[in-house]
Amino acid sequence: MTDADPFALAARMALAWEAAAARFGAYHLILPGSRAFVCKTDDCEAACCRVFSVAMHDRDVARFARVSGLQPVQFLELENGEPIRLPLAQPYLLARDEGRCRFLRPRHRCGAYEARPTACRLYPHFVVYWNLETARPVYADPPPLTAAAAGGPIVPLLLGHDQCPGFTGPPLAPAEWLALLEETDHLQRNLA
Ligand code: SF4
Ligand code: SF4
């Protein structure tokens, strides 16, 4: 748990966002006081479960298999009967049928909620690290959140995806905002 001052951190984020926003056009910066996310599947017809292919890393696959009781060939995209493995950090793809996730159920319910991949747990939040000195994002080996949140030229940015209509909840209190930042960063580092 970071003990960063949320207001000082938010001020650094706002400063970094002035330069970073142009690179992240599909996202908005989430600060204390921003509307909390509340999933509103009826408003969007569960768009995120239809529009995007969900990438999975090895631990996602292992957890999905363990929690769901399914074999990987039953929940991953296949080629010639074997799971497709792409040359990426998250090499597997959750299976899709008829233009949507195979596990999307009637009334927009997730049929694999407890087993769902990290990408599903993260969405619509995202953390990117921004270097104020180089005016560039830091994708490889960003510092630990606690270090970046405490100060220095690298600033964590908590972002929300603009296409999600769920940012309609009550304003985030500073402590809630810090907790959301930590949870999102934790998931994104595949530590879950
Ligand atoms: S996360 Fe956003 S886009 Fe996805 S179902 Fe919920 S409200 Fe809709
Ligand atoms: S696993 Fe669940 S949350 Fe993830 S895309 Fe499929 S239906 Fe949506």
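Add +1 for every Lys or Arg and -1 for every Asp or Glu among the other residues with Cβ under 12 Å from the Cβ of Gln188, and state the total. Mind showing how you got there, number by number?
Working: positive: Arg121, Arg189; negative: Glu182, Glu183, Asp185.
Neighbour charge sum, excluding Gln188 itself: -1.
Contour minus end-to-end for Asp42 and Asp58, with contour as 0.36 nm per residue of separation and end-to-end as the Cα-Cα distance?
Once the chain is fully extended between Asp42 and Asp58, it gains 2.6 nm.
How large is the accessible surface per residue of segment 28-142, computed with a 1.4 Å probe and reported in Å² as a whole number? Walk me through the numbers before you get to the answer.
On the way: 6870 Å² over 115 residues.
I get 60 Å² per residue for this part.
Taking 0.36 nm per residue of separation and subtracting the Cα-Cα distance, what length does fully extending Ala89 through Ala173 add? All intermediate terms of the calculation are to be shown ahead of the outcome.
On the way: separation 84, 0.36 × 84 = 30.24 nm, distance 3.40 nm.
Computed gain between Ala89 and Ala173 is 26.8 nm.
Could you look at the chain and say what percent of its accessible area is carbon and sulfur, using a 1.4 Å probe and all protein chains? The partial results should precede the final answer.
On the way: 5750 of 10540 Å².
Of all accessible area on the chain, carbon and sulfur atoms account for 55 percent.
Expected output is a single nm value to one decimal: the length gained when fully extending between Thr146 and Ala26, i.e. 0.36 nm times separation in residues minus the C-alpha distance. What is it?
Values: separation 120, 0.36 × 120 = 43.20 nm, distance 2.63 nm.
Working it through step by step, the gained length comes to 40.6 nm.
P(r) for the chain: what percent of alpha-carbon pairs falls in each 10 Å bin, starting at zero?
Computed distribution, short to long bins: 9, 32, 33, 21, 5, 0.
Roughly how many Å is it from the Cα centre of segment 1-45 to that of segment 46-107, as a whole number?
28
In sequence order, what are the phi-derived ³J(HN,Hα) couplings for segment 127-134 according to the Karplus relation 6.51 cos²θ - 1.76 cosθ + 1.60 with θ = phi - 60°, rounded to whole Hz, with x for glycine and proline?
Those phi angles translate into 10, 10, 9, 10, 9, 5, 6, 8 Hz.
Between Arg107 and Asn190, what is the spin-label point distance in nm, taking each point 7 Å from the Cα along the Cα→C-beta axis?
It works out to 3.7 nm between the two label points.
The values are calculated or read from the model by the stated rules, or taken from the named source; none is laboratory data. Small disclaimer: the values here were computed from a predicted structure and weren't measured. Positions of Cβ are generated from backbone atoms using ideal geometry, with glycine treated the same way; all protein chains shown enter the neighbour counts. Remember, those area values only see protein heavy atoms, side chains included, never the ligands or the DNA or RNA. Shrake-Rupley method; radii C 1.70, N 1.55, O 1.52, S 1.80 Å.
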